[in-house]
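First comes the structure, then the notes that go with it.
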Amino acid sequence: MIAKEHSRTQVDDITWNDLDMDALYTRINQCQSNVGEAVLYAMLRDTGVEQEVLDRRDRWMKAFAADEQGRMQAQKGLSRLGLDQNLKAYAYMARPDSQGPKHSWAYPLLAALPLVWAALGFLNPLFLLGLALSFLLNMVVYYKTQAQWAPAEMAIQHLSRVLYTASQQTKHIVPGMEDGYAEMDSLCRRLRPLKRWSALFAMGGGDVLEALAVYLRIVFMLDMIALTRLSAFITQNKQEVQALYRLVGEMDAAIALASLRLSLPIHCAPSFHQERSVLATDLVHPLIKDPVPNSVSWARNALVTGSNASGKSTFIKALALSAICGQSLGICFARAFVMPRAQVMSSMALRDQVLSGESYFGPAE
């Protein structure tokens, strides 16, 4: 849902695997929430990010790095979302119109039946039999729909927690990120009904109150009524829900990226030009401990030569990783990196293992 699929700006799976980018993602990922992890992964795969967005990400990284108290406050709130992946929420956001129950008109009708039979019972006690039958019918419908629509309910509850987390984040603004918090506050206000309706799923307080809440949810079909209302609301506000989810994740990812930059021996922001050339000064591979920097000026087809296990493929991978991360994250693993906007692709029939030092050019380095 987060990443744009089938786009020329996306890092393809072959290139991703060739460059050990799962390991790079693991190296970068210090997110506090599953939302941050999902958005960070999508950010890393998308090289079509506009310069304005890269500048904003750079500013947010610097803001979090400079404000320890604000950073800790943000991480504390984000950590409450947890790290358990909620893939159902991603699917729900992508197609909320297909994730809600059909025949939504039936559930308010079923909820009204017990009240109708109860009112008629005051006129004739025989009508109380209809009340008992309506209880039984609603109980059957409740447990059947619970089994069918539990994933959708879980997704909505997750989105509700994201909304709550976002609303709490806006109470502690980190200087330099005012634009992000203003956008977040605006989205929270527009999506406020999501929090009100989803509260019905969490009715209860323990012991007698919890038992009473479950009884009311069954008799009056509260879960399904809330689900139909929320499905319609999320469908109508699909872009806002996705924007808020992405914004919360970007703030979490910005903290992880700020930490990454502090841990790197060498890094820089990329410079983009129109020429078909790449210039890198003191380029290093981000997954190698104590790397040896190398510089390159690449304006035409290049042939990299050297003895076995001398680091040729590692150097090429380092160049590709900086070209990708420069365009996706605004971070290059070099002292200076100049390049045109370009799609990075690779195709290696055999794979090196950079982390273990294995190379198919020869013995381990």
Somewhere in the stretch 38-51, is a residue more than 21 Å from residue 340 (Cα to Cα), within 13 Å of the chain's Cα centre (by Cα) and of a type in the set (D, E, K, R)?
no
Taking the condition out of contact with any Pro (no Cβ under 8 Å at 6 or more places or on another chain), surrounded by 16 or more Cβ atoms within 10 Å (Cβ to Cβ) and under 30 Å from residue 68 (Cα atoms), does residue 258 pass?
yes
Evaluate the stretch 344-360: report whether one residue or more is buried (at least 20 other Cβ atoms within 10 Å of the Cβ), modelled with pLDDT under 95 and not in a loop (DSSP other than H, G, I, E, B).
yes
Cβ-Cβ below 6 Å, separation at least six or inter-chain, first residue in the stretch 276-292 and surrounded by fewer than 24 Cβ atoms within 10 Å (Cβ to Cβ), second charged (D, E, K, R): which pairs?
281/335; 282/335
Where a residue in the stretch 306-326 is in contact (Cβ under 8 Å) with a residue 12 or more places away in the chain and of a type in the set (Asp, Glu) and its partner, wherever it lies, is surrounded by fewer than 24 Cβ atoms within 10 Å (Cβ to Cβ) and not in a helix (DSSP H, G or I), with Cβ under 9 Å and at least six apart:
none
Return only the number of the condition from (1) over 20 Å from residue 162 (Cβ atoms); (2) modelled with pLDDT under 95; (3) surrounded by 14 or more Cβ atoms within 10 Å (Cβ to Cβ) that residue 209 does not satisfy.
(3)
Criterion first (closer than 30 Å to residue 224 by Cβ and not in a helix (DSSP H, G or I)) does residue 104 satisfy it?
yes
Within the stretch 40-55, tally of residues that are out of contact with any Ser or Thr (no Cβ under 8 Å at 6 or more places or on another chain) and crowded, with 18+ Cβ neighbours inside 10 Å:
4
Picking from 84, 179, 185, the residue that is loosely packed, with under 14 Cβ neighbours inside 10 Å, touching a residue at least 12 places away in the same chain (Cβ under 8 Å), among the acidic types (Asp, Glu) and assigned to a helix (DSSP H, G or I) would be 179
Name the single residue, out of those in the stretch 24-39 being β-branched (Val, Ile, Thr) and more than 18 Å from residue 333 (Cα to Cα), that is surrounded by the most Cβ atoms within 10 Å (Cβ to Cβ).
35
Among the numbered criteria (1) surrounded by fewer than 17 Cβ atoms within 10 Å (Cβ to Cβ); (2) aliphatic (A, V, I, L, M); (3) in contact (Cβ under 8 Å) with a residue 60 or more places away in the chain, which single criterion is violated by residue 150?
(3)
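The values are calculated or read from the model by the stated rules, or taken from the named source; none is laboratory data. Please read all numbers here as calculations on a predicted model, not as lab measurements. FYI the Cβ positions are ideal-geometry reconstructions off the backbone, even for glycines, and counts take in every protein chain you see.
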